[in-house]
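The values are calculated or read from the model by the stated rules, or taken from the named source; none is laboratory data. Please read these numbers as outputs of a predicted model, since none were measured by experiment. Quick reminder, even Gly has a Cβ in these numbers, built from the backbone with ideal geometry, and neighbours come from all protein chains shown.
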Amino acid sequence: MEFTSYKDCNVQIAVALVNSHGVAPDAERLTGPKVLKDLLDGFRSSYDGPITDADLADIRALRERLREVFSAEPERATEILNTLLHESGAQPFLTNHGGEPWHLHFVPQGASLKDWLTAYTAMGLATVIAEEGFDRLKSCASDTCNDVFVDQSKNRSRRFCSAEVCGNRSSVAAYRQRQKQA
């Protein structure tokens with residue numbers, strides 16, 4: 001499964017945003033407007049407006065609603081995404097600005113960060129669900145991780161956000177448990 005570059009960016013930002021808060025109570029990674037700007041810039045986002053502390057609070061609230069999409073039953077996830085799209089005022093339109101090929105934007109230039117990011121991430125996740133199904137949206141199977149991811153494996157069998165970190169830790173823990181029982 002591969003995403004088109006535009007959809008991929010929407011989905012990657014949604015995942016990165018949800019994963020910006022870890023397991024520990026003090027695991028907040030969105031610590032200020034600059035951190036949020038850096039996160040968006042890391043994905044070459046088209047948002048170019050200012051980011052304030054009030055925006056940061058709005059985006060943290062959005063993050064929790066997006067997180068629920070990954071764990072909710074399909075009916076509830078659909079309700080959340082449809083509500084987010086409605087609240088954002090999403091009105092898709094074609095554009096080819098900046099030398100980019102034709103692509104969709106979901107809110108007009110000058111929209112608030114909250115509306116822009118809500119529409120952008122909700123459309124990305126909604127597109128994944130519409131094209132690939134709800135079972136592509138997953139939470140890490142590790143007991144010590146609450147990260148989410150979009151399973152892009154052919155057989156939809158991915159269990160961990162990262163095979164190198166959480167998958168490896170789980171394998172080591174299982175091995176140690178077997179050794180202890182032997």
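Any idea which of GLU28, GLU87, GLU68 is closer than 21 Å to LEU137 by Cα and charged (D, E, K, R)? Only one candidate passes the filter, namely GLU68.
Inside segment 135-166, residues that are assigned to a loop (DSSP other than H, G, I, E, B) and in contact with a strand residue (DSSP E or B) (Cβ under 6 Å, 6 or more places away or on another chain) make up a count of 2. For the residues GLU64, GLU28, GLU75, the requirement of being among the acidic types (Asp, Glu), closer than 13 Å to THR121 by Cα and out of contact with any Phe, Trp or Tyr (no Cβ under 7 Å at 6 or more places or on another chain) singles out GLU64. Taking the conditions (1) more than 24 Å from ASP151 (Cα to Cα); (2) modelled with pLDDT of 95 or more in turn, SER46 satisfies each one other than (2).
Of the residues making up segment 32-42, those that are over 18 Å from GLY110 (Cα atoms), surrounded by fewer than 16 Cβ atoms within 10 Å (Cβ to Cβ) and under 18 Å from the mean Cα position of the chain (by Cα) are VAL35, ASP38, GLY42.
Of all residues in segment 3-28, those that are modelled with pLDDT under 90 and among the aromatic types (Phe, Trp, Tyr) have Cβ atoms under 9 Å from Cβ atoms of residues that are surrounded by 12 or more Cβ atoms within 10 Å (Cβ to Cβ) and outside any helix (DSSP H, G or I), 6 or more apart or on another chain, in PHE3/VAL150; PHE3/GLN152; TYR6/HIS103; TYR6/LEU104.
Any idea how many residues of segment 98-123 are touching a residue at least 60 places away in the same chain (Cβ under 8 Å) and more than 22 Å from ALA61 (Cα to Cα)? Of the residues in that region, 2 qualify. Can you work out which of the residues in segment 61-120 that are touching an Asp or Glu at 6+ places or on another chain (Cβ under 7 Å) and β-branched (Val, Ile, Thr) is farthest from VAL150 (Cα to Cα)? Per the stated criteria, the residue is VAL107.
Candidates ALA77, ALA111, ALA119, ALA90: the one that is touching a Leu at 6+ places or on another chain (Cβ under 9 Å), outside any helix (DSSP H, G or I), crowded, with 19+ Cβ neighbours inside 10 Å and among the small types (Gly, Ala, Ser) is ALA90. Going through (1) of a type outside the set (Lys, Arg); (2) in a helix (DSSP H, G or I); (3) farther than 30 Å from ARG156 by Cα; (4) under 18 Å from the mean Cα position of the chain (by Cα) one by one, TYR47 falls short only on (2).
If you check THR95, THR31 for being farther than 28 Å from GLY133 by Cβ, touching a strand residue (DSSP E or B) at 6+ places or on another chain (Cβ under 9 Å) and free of Cβ contacts under 8 Å to residues at least 24 places away in the same chain, only one passes: THR95.
Among all positions in segment 151-171, there is no residue which is of a type in the set (S, T, N, Q) and modelled with pLDDT of 95 or more.
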